[in-house]
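Step one of this worksheet: look at the structure below.
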Amino acid sequence: MYNFTYTYDPSHRLVSATDEINSTSRSYGDYDLNGFPLDVDGSSANYSYDSGRKRPKSISVSGGPGILFDSKGWAIEFAEGLDSIAFENSGSLQICD
């Protein structure tokens, strides 16, 4: 079970995510031109974009997890190390335009 609290800056960019159950937090900063954080807890985040799109098709963090998105911006896979989770979306986990 997950219970996260998210904090955003005045430009509506994600600044932190706190797992209320495990009392852990992750911080975000240094944003790209599309508003996505390049710094995730001191690790570099990399985004790949399809030509002309502002939503990433994938996100990876050095030494950490990666997320793949479909053409609608819905997360379809989360991978970390040898583990991966496929998502069957009903509209959640979406990157908004």
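The values are calculated or read from the model by the stated rules, or taken from the named source; none is laboratory data. Only a predicted model underlies this, so the values are computations on that prediction, with no experimental measurement involved. Reconstructed Cβ throughout: ideal geometry from the backbone, glycine too, with neighbour counts over all protein chains shown.
Overview of results
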item	result
Tally, over the range 15-62, of residues that are part of a strand (DSSP E or B), aliphatic (A, V, I, L, M) and either farther than 19 Å from PHE78 by Cα or touching a residue at least 60 places away in the same chain (Cβ under 8 Å) (or both)	1
Answer from ASP50, ASP30, ASP39 - the residue that is surrounded by fewer than 13 Cβ atoms within 10 Å (Cβ to Cβ) and at pLDDT 90 or above	ASP30
Number of the condition not met by THR7 [criteria: (1) surrounded by 15 or more Cβ atoms within 10 Å (Cβ to Cβ); (2) modelled with pLDDT of 90 or more; (3) among the β-branched types (Val, Ile, Thr)]	(1)
